[in-house]
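Have a look at the structure below, then the notes.
Values quoted throughout were computed directly from the atomic coordinates according to the rules given, and no laboratory measurement underlies them. Keep in mind the model is a prediction, meaning the values are calculated, not measured. For neighbour counting, all protein chains shown are included, and Cβ atoms are generated from backbone atoms with ideal geometry for every residue, glycine included.
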Amino acid sequence: MNFVKKLFFFISLLPAILLADTYPEVIFDNSIVRGAYAKSKVLYTGDSWVENVNKHLLVSDTLFFTPGNSLSLKYLSSKGGFWETSVNYSRQKYNYTVDDSDVLSIRINIKSTNTTLKDLPKLFIRHQHYASDTLSLEKFITAIEYNKWIHLKIPVKNFRITNKQAPILGIGFAQHTASTHYHHIFIDQIEFLPIKYSEIPLQSAAILSEAKGYDKAVHLSWQLPLTPSIRYIKIYRSEDGKEFQPVSIRPIHMQSCLDIVPLIGQKYYYKVTWMDFNYKESPASTVKEVETKPMKDEEIIRLVQLANVNYFVENFDINSGMYMPFRSKNKVIVSTKETAGAILSLVVGVKNDFVKRQTALNRISKIAFFLLKSQTKNGIFPAYYDARKGVPEYRSDKAIYDVQATGSIIEALLIAREFFNENNETENDLRKRITQIYQQVDWSSLLDNNDLLKSKLALLEENDSKNLPLSGLENAINTYLLAIGESKFAITSSTYFNAVYSKFETIKQDTTQSINPYFYNETITEDEFHALKTTHKVDTTVQISVLNSHVAYGLDLPFGKLNRSLLDLYEPFLTIRPESINDSLTNWGKALQNYLHYVKRRDNEIGLGASNSDIWGFYKSNDSVSGYRINPAIGPSSISIDKSIGTKSIISLYKQYGNILFTEYGFRSWLDLQNDDVSDEYNSANQAAIAVMIENAKTGLIWDLYDKIPELKSKREALFGNKK
């Protein structure tokens, strides 16, 4: 059995629980990047001081409680000054909240022997817009000990949090008693735990099933017993089979992992132990010997594709089959649009023997069944569901039914319908359900007064008018092709071009100007739109042409400079072959090529720490701390537009940054070369784009399946005169 098949065999056994590499209740267990922890912040005034690099706490690779590192906090608490530092909760999409019944658990190691209890910092919990009470640590430490890990257990109720529904932003440490001495402590394993947890002793030895080496990674798999007191798997590595060093921990929802090793062609030895909630270890497993070896470029690309597919194999709600964007304590929230990417990735997985056909079939059948029995409005699904109840998840006190998200999941289901074409009861039933889902959408009822689809539907009819029309290149193409297809409530084909080649914005318009809110006969240009934005009086909806020819870096850009991610422009073409929708206005194959080269040339010129021209795909982050980050899906997903450029991007990201960027789930969400930081989460749009675009570059699978959808084929050919 080759590497990819072996790897998938083990990772496919994992239960589907979380997206990140740790638990959502963990604030800090390890820094992915060495040197400084970018998800921390240091502030000090006056004569006080905290050791930092670029205002971040240092990371210790030599002293830690859980491998492989801890945070170093060295400080001077002067009478004429003050200091404060925070360790930020980085997995914000989980919206993690705490209860009074929880305990804040922290491990500290006091390095400076002149440090007294009063010299230790105060502690507080950070929420959005406010912080909890600040507590002294004195009452939670019975006796001070040096160069030893001390366990702090602080009941959350002591912090007197006023709003328990506010998500946790992080933990803060602040100056306590003034002192003339420098103090130094190490901090590790910051987490919220229940007051009571299983403490069944771990008496049986751990089981390491296999260790297999490939290139820079060693694949480890283990057999985990159903013991409720196991919290982590602790991994040890050795280069001589005698001296073992702990290198990492993994949560129990994983039954295998990739360990990135220092050298290719080196022998390594591994063993694992189980760890309980008190971090006591079980007897170690037997030792496995492994040797790494180089992989060819095509093997690396196949591995990257498998890992991205595996992201969706593991992360789903077991009852509905839908994709879970984050974990909630009290209910299971699933995403309609992101499930579309999961469906496409599962189809790719079956095609490549990453996923068993029956496994994918069962999962997609669950999705179809869930959607048919869940609440809709005119056949339109909400953006998010409460998966346990099949009702919309309410955001800002209103339920939003999302037309584009509905289009995305129906399109993916229709592609799956073409793929699962065998004549048996299960696949016949799936095809019937998918057809029913498509045919139940009342597209005609979604039209506004100007015959364009509404982008959103509110719970109450009178609020629908507040939503802008569904329009623009990346938003409209796929949904309008569905809406004009052969369905019970189809709309006219004439809506397509008006919707695709224009977008709508709300501006503050001077009441002295007489401008029709909708310019259907004569749309304004992008420059005219920005001129109108300078006035600030009355909300007016303006229709803007997306055609704005511009030349940059010697390339003709029919839609002007790109002020958004290249992935947005790629989105329609995960499923639609670019050449199949060419019209008199746009040669899509050529346009995508030009935008690919434009973005690459622009990013190479910006640089931002990427000296390798194959490392590109910058985007401007929303926060004020960092500037540009690399989205590791932009370059790799370009493989279906330019195979050479996309391939080089995948190989370069893997070889140059794979040690921090690549995992069992593919590339992490972003890489920040300016701040030496990397995301500890994954982005579903990224994972789907890479998995699907690699396949389209290799075989055209998803494009071919879309071309075959009978309800769309004839209308598309009539619209574009293309017989593909």
Report summary line: Cross-link reach from residue 389 to aspartates and glutamates, straight Cα distance under 17 Å and at least 8 residues apart if same chain, gives 317
Report summary line: Taking 300-312, 677-689 and ranking on average Cβ neighbours within 10 Å, highest first, one gets 300-312, 677-689
Query raised in the report: Which whole-angstrom value gives the distance between the alpha carbon centres of the stretch 647-724 and the stretch 625-646?
Result: 10
Query raised in the report: Where a ≥ b ≥ c are the square roots of the eigenvalues of the C-alpha gyration tensor, would you call the stretch 543-637 rounded, which needs a/c under 1.5, or, failing that, prolate if a/b is larger than b/c, or oblate?
Result: prolate
Requested in this report: Kindly rank 555-565, 313-323 from highest to lowest mean number of other beta carbons found within 10 Å of each residue.
Outcome: 313-323, 555-565
Report summary line: From DSSP H assignment alone, runs of 4+ in the chain each adding -39500 (n - 2.57), the sum over residues rounded to the nearest 500 puts [θ] at 222 nm at -8500 deg cm²/dmol
**Report entry** Cα centroid of the stretch 209-235 to Cα centroid of the stretch 311-342, whole Å
**Finding:** 25
Report task. Set Lys and Arg Cβ to +1 and Asp and Glu Cβ to -1, take the dipole of the chain about its Cα centre, and tell me which of 690, 154, 174 lies farthest positive. Result -> 154
Report summary line: With 0.36 nm assigned to each residue of separation and the Cα-Cα distance removed, residue 147 to residue 486 gains 114.8 nm
Requested in this report: Check the straight Cα-Cα distances from residue 296 and name the lysines below 24 Å, setting aside those fewer than 8 residues away within the same chain.
Outcome: 5, 6, 212, 216, 267, 351, 643, 648, 655, 698
Query raised in the report: Shape call for the chain from the C-alpha gyration tensor, a ≥ b ≥ c root eigenvalues: rounded (a/c under 1.5), prolate (a/b greater than b/c) or oblate?
Result: prolate
Report summary line: Taking a ≥ b ≥ c as the square roots of the Cα gyration tensor eigenvalues, with a/c under 1.5 meaning rounded and otherwise prolate when a/b beats b/c or oblate if not, the stretch 31-194 comes out rounded
Report summary line: Expected sort for 634, 252 with the fewest Cβ neighbours (10 Å cutoff) up front is 252, 634
Query - Reachable lysines, given that their alpha-carbon falls under 23 Å from the alpha-carbon of residue 148 and they are not under 8 places away in the same chain - result: 74, 111, 118, 122, 139, 234, 280
